[in-house]
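Below is one structure, written out as structure tokens, with a few remarks after it.
The values are calculated or read from the model by the stated rules, or taken from the named source; none is laboratory data. Note that the structure is predicted; figures quoted are calculated from it, not measured. Here the Cβ positions follow ideal geometry from the backbone for every residue, glycine too, while neighbour counts run over all protein chains shown. For the accessible areas, the whole protein counts, side chains as well, though only heavy atoms, and no ligand, DNA or RNA atoms are used. Shrake-Rupley method; radii C 1.70, N 1.55, O 1.52, S 1.80 Å.
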Amino acid sequence: MSVLLVTHESSLGHRTPRGHPERADRLGAVVEGVRSSVVSVVDLVAPAVDRDLLETIHTRAYIDHVHMFCLNGGGGLDQDTYVVPESFDAALHAAGAGPVAVDALEAGAADAAFIAVRPPGHHAERSSAMGFCLFNNVAVTAVYLRSLGKRVAIVDWDVHHGNGTQGVFYRDPEVLYVSLHEFPLYPGTGWVDERGDGPGAGATINVPLPAGTTADSYLAAFGRIVAPVVKQFDPDWILISSGYDAHRLDPLGGLMLEAEHFGSMARWAADQAPNARVIATLEGGYNLAALAESSRATVEGLSGGVGGTSWPTESTGSAKRMTELVVEGLTTYWELH
Ligand SMILES: [Zn+2]
């Protein structure tokens, strides 16, 4: 089994102020991690995103604003999202990576894809930058797939809630958005009662977990909620918002995952083949060693083929109560035992 590695050198040109956690070194750690794996890696260069496609997610005025802001020297778009002149190009290629990965996988270039780009995307809103994110890379990929008539499940395991992605698909029944995240934590959204709206009711699922949640409790929630819902939704594609800030060593998150756990979840996604193809896209993750190890585990999981993953059943404390609260709110829409 082979994995496509999609990236672009412009990702390194997007520089942030000294001491900022979302820094260019992250990309080197991730790519190094992927290349150190035993997996057969097929390289692909990310083109700049198609402007019309980008405008299905972001307003023209916002895209132009980011462009001009960068051209004029950059600075802070909000209190934690900084850009330099090179950032606009980086953001265009980050958003263009998903669609080209879709085309390459459809053409049989590899079995799954891993997208290593920055800036990340899941906090970016329709007309504003947020939380280190400029354009919503995964949302662009999902909309591209929708234009091809595909059903898409987005699994967001970044430690933060993907408010931007949730917002785009909140009323869309053809795109399932599932997020596991620490709560309370930035950006403050992603409570259990955010479940989609109108025709999209039930197609947004939030699993908020308290700081200190153990890997066993986290994976128990994954096995109890995410795995059965995705199976029932029966997507053609699974897009993973693959942040690694739920790793035990991450400076911004308080969850307790290890690299191998990202591998297990990636393996689960790969096991949904041949019904679904999988693309994992880098979001957050701010400890370089954890990023390298977790990226390696992810591509090894993605290349794992059919095997079946078993999840812990023992959840404890407030994580257990949260999991039951999520399940309770979803029984109208999904069969969960
Ligand atoms: Zn994050």
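A few comments on the model shown:
- Within the set Val34, Val45, the sole residue that is out of contact with any Gly (no Cβ under 8 Å at 6 or more places or on another chain), closer than 24 Å to Val140 by Cα, open to solvent by 20 Å² or more (accessible area, probe 1.4 Å) and hydrophobic (A, V, I, L, M, F, W, C) turns out to be Val45.
- Test: residue in the stretch 8-23 that is open to solvent by 30 Å² or more (accessible area, probe 1.4 Å) and assigned to a strand (DSSP E or B): no
- Cβ pairs under 9 Å, 6+ apart, first in the stretch 15-33 and farther than 19 Å from Thr298 by Cβ and in contact (Cβ under 8 Å) with a residue 24 or more places away in the chain, second assigned to a helix (DSSP H, G or I) and not acidic (Asp, Glu): Arg15/Ser87; Thr16/Ser87; Ala24/Ser11; Ala24/Leu12; Ala24/Gly13
- Just one of the listed residues (Gly263, Gly243, Gly253, Gly317) is within 28 Å of Leu185 (Cα to Cα) and touching a Phe, Trp or Tyr at 6+ places or on another chain (Cβ under 8 Å), and it is Gly243.
- Restricted to the stretch 111-165, and to residues there that are open to solvent by 10 Å² or more (accessible area, probe 1.4 Å) and in a strand (DSSP E or B), the residue that is farthest from the ligand (Cβ to nearest atom) is Ser128.
- Of all residues in the stretch 32-47 being of a type outside the set (Ser, Thr, Tyr) and under 15 Å from Ala259 (Cα atoms), the one that is farthest from the chain's Cα centre (by Cα): Glu32
- Residue check, Gly73 more than 16 Å from the ligand (Cβ to nearest atom) and either closer than 21 Å to Val30 by Cβ or not in a helix (DSSP H, G or I) (or both): yes
- Only residues that are in a loop (DSSP other than H, G, I, E, B), away from the ligand (no atom under 16 Å from the Cβ) and buried (at least 19 other Cβ atoms within 10 Å of the Cβ) were counted in the stretch 175-199, giving 3.
- Pair list, Cβ < 6 Å and 6+ apart or interchain, from the stretch 105-128 residues that are among the aromatic types (Phe, Trp, Tyr) to residues that are within 16 Å of the ligand (Cβ to nearest atom): Phe114/Ala280
- Residue-level analysis places Thr56 among those that are open to solvent by 70 Å² or more (accessible area, probe 1.4 Å), hydroxyl-bearing (Ser, Thr, Tyr) and at pLDDT 95 or above.
- Where a residue in the stretch 71-99 is closer than 20 Å to Leu4 by Cα and touching a residue at least 40 places away in the same chain (Cβ under 8 Å) and its partner, wherever it lies, is surrounded by fewer than 23 Cβ atoms within 10 Å (Cβ to Cβ) and of a type in the set (Lys, Arg), with Cβ under 9 Å and at least six apart: Leu92/Arg51
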